[in-house]
Every structure is written in structure tokens, then in C-alpha cells.
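Chemist: Dumping the structure here so I can ask a few things about it.
The values are calculated or read from the model by the stated rules, or taken from the named source; none is laboratory data. Since this is a predicted model, take the numbers as computed values, not measurements. Note that we place each Cβ from the backbone using ideal geometry, even for glycine, and neighbour counts take in every protein chain shown. Areas reflect the complete protein model, heavy atoms only, side chains present, ligands, DNA and RNA absent. Shrake-Rupley method; radii C 1.70, N 1.55, O 1.52, S 1.80 Å.
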Amino acid sequence: MILYDIYASSRDNQSLFHDMNLNLNSVADWFKANKISLNVGKTNYMLLSRKKSLVVPEEMKLAIGQNLLDRVHCAKFLGIFIDKRLDWHEQLQLCKSKITSGIYIMNAVKHVVTAEDLKTI
């Protein structure tokens with residue numbers, strides 16, 4: 001599996017979407033020229049902003065060819081969940097659930113295993 005990331009920034013939404021659509025279609029052409037398949041169904045995009053509400057007009061879409069890309073609010077990147085506001089809420093929720101299940105397992109087996117085995121777990 002090969003992951004590609006394209007980044008762009010702009011204060012103007014119109015130019016941002018225009019530039020990104022050009023970049024996406026250039027990348028798609030490169031893939032096609034090098035006989036690499038691009039799974040557009042798994043391709044999505046996220047707008048990052050520190051603002052509480054980022055308003056993007058409905059007509060602004062990103063597409064590869066005729067295929068519209070889905071906008072996501074959270075994505076996993078190199079094993080870390082990043083959300084649109086660049087805070088750690090999603091990542092902390094994941095860590096919390098893993099720690100909670102680990103504590104539950106340790107609590108359930110503490111009467112069955114020795115203290116040394118419990119330290120190992």
C-alpha cells in the first residue's frame with residue numbers, strides 16, 4: 001500500500017480548491033503514465049484550520065477526473081489520528097479506550113496470576 005499526501009495552503013478558498021484540483025489531476029496523470037493504479041474510492045481530503053467554523057461553499061469540490069473526493073473531519077496519518085482543528089481529541093479517545101481495556105484485563109486476572117506475572121502483563 002502506498003500513501004501519498006498533497007498539501008496546499010491559501011487564505012482564499014477559491015484559489016485553494018483550484019490549485020488542489022490541478023495538483024490532483026497532475027498526480028493522477030503521473031500514476032496513469034507510470035501504470036500505477038489509484039484507488040479513488042479510498043482517496044479523501046481534509047481542510048485543516050484552527051478556526052472553530054470553517055465555511056466552505058457547497059460548490060467547491062475536489063475531484064480526480066470525474067470522481068468527487070469525500071471530505072473527512074479526521075484521518076489516520078502515520079498511526080496518529082489528526083482532526084480538522086489540529087487537536088488531539090480523537091487520538092486521546094483511542095488511547096483512553098486501549099488503556100481502559102488493558103486495565104480491565106489486568107483487574108480481571110489479578111486474582112489468577114502472580115504479582116510478578118501481573119507486572120509483566
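Chemist: Please compute the modelled spin-label separation between residue 76 and residue 51, points set 7 Å along Cα→Cβ, answer in nm with one decimal.
Modeler: 3.1 nm
Chemist: How much accessible area per residue does the chain have, counting only protein heavy atoms and a probe of 1.4 Å, in square angstrom?
Modeler: With all protein chains present, the chain gives 82 Å² per residue.
Chemist: Can I ask one more? Could you check how much of the accessible area of region 1-102 is carbon and sulfur, as a whole percent, using a 1.4 Å probe? Don't skip to the answer; put the middle values down first.
Modeler: Numbers: 4480 of 8120 Å².
Carbon with sulfur: 55 percent of the solvent-accessible area.
Chemist: Report the net charge of residues surrounding residue 67, where surrounding means a beta-carbon distance below 15 angstrom and charges are Lys +1, Arg +1, Asp -1, Glu -1. Could you put the intermediate results ahead of the total?
Modeler: Values: positive: 32, 42, 61, 71; negative: 29, 70.
Around residue 67, the charge tally is +2.
Chemist: Among the lysines in region 65-121, how many pairs, 8 or more places apart or on different chains, have alpha carbons under 27 Å apart?
Modeler: Total qualifying Lys-Lys pairs in region 65-121 comes to 10.
Chemist: State the answer as a single residue: which of 24, 47, 62 lies farthest towards the positive end of the charge dipole of the chain, with beta carbon charges of +1 for Lys and Arg and -1 for Asp and Glu, about the Cα centre.
Modeler: 47
Chemist: With the contact rule set at Cα under 8 Å and sequence spacing of 6 or more, what percent relative contact order holds for the chain? Walk me through the numbers before you get to the answer.
Modeler: Working: 88 pairs, mean separation 22.8, N = 121.
About 19 percent, as a whole number.
Chemist: Can I ask one more? Going by average Cβ neighbours within 10 Å, how do the peptides 30-36, 87-93 rank, with the highest at the top? Kindly include the intermediate steps, with their values, before the conclusion.
Modeler: Working: 30-36: 9.9, 87-93: 12.7.
The most tightly packed comes first, giving 87-93, 30-36.
Chemist: Here is a further query. Rounded to the nearest 20 debye, what is the charge dipole size of region 20-112 about its Cα centre when +1 sits on each Lys and Arg Cβ and -1 on each Asp and Glu Cβ?
Modeler: 300 debye
Chemist: Can you find, among 107, 13, 80, the residue sitting farthest towards the positive end of the charge dipole of the chain, where Lys and Arg contribute +1 and Asp and Glu -1 at Cβ?
Modeler: Of the candidates, 107 comes out farthest on the positive side.
Chemist: When the helices in the chain are scored as -39500 (n - 2.57) per DSSP H run of 4 or longer and the sum is shared across all residues, what 222 nm value do you end up with, to the nearest 500 deg cm²/dmol?
Modeler: Here the helix-only value at 222 nm equals -13000 deg cm²/dmol.
Chemist: Give the ranking of 43, 120, 100 by solvent-accessible surface, highest area first, calculated with a 1.4 Å probe. Walk me through the numbers on the way to the answer.
Modeler: Numbers: 43 30, 120 110, 100 80 Å².
Listed by decreasing accessible area, they come as 120, 100, 43.
Chemist: Sticking with this structure for a sec: 7 Å from Cα along Cα→Cβ at both residue 13 and residue 44: what's the point-to-point distance in nm?
Modeler: The answer from the label model is 2.0 nm.
Chemist: Kindly state, to the nearest 0.05, the FRET efficiency for residue 5 paired with residue 103, given R0 = 41 Å and r defined as their beta-carbon distance. Show your work: numbers first, answer last.
Modeler: On the way: r = 35 Å, r/R0 = 0.86.
It comes out at approximately 0.70.
Chemist: So, one more: I'd like to compare 101-111, 15-25: which one has the highest average count of other Cβ atoms within 10 Å, and what's the full order after that? Display every interim value, and only then the final one.
Modeler: Values: 101-111: 10.5, 15-25: 15.6.
So the order, starting with the most tightly packed, is 15-25, 101-111.
Chemist: With Cβ to Cβ distances under 15 Å as the rule, what net charge do the other residues near residue 104 carry (K, R +1; D, E -1)? Could the numbers behind the result be given before it?
Modeler: Working: positive: 96, 98, 110; negative: none.
In short, +3.
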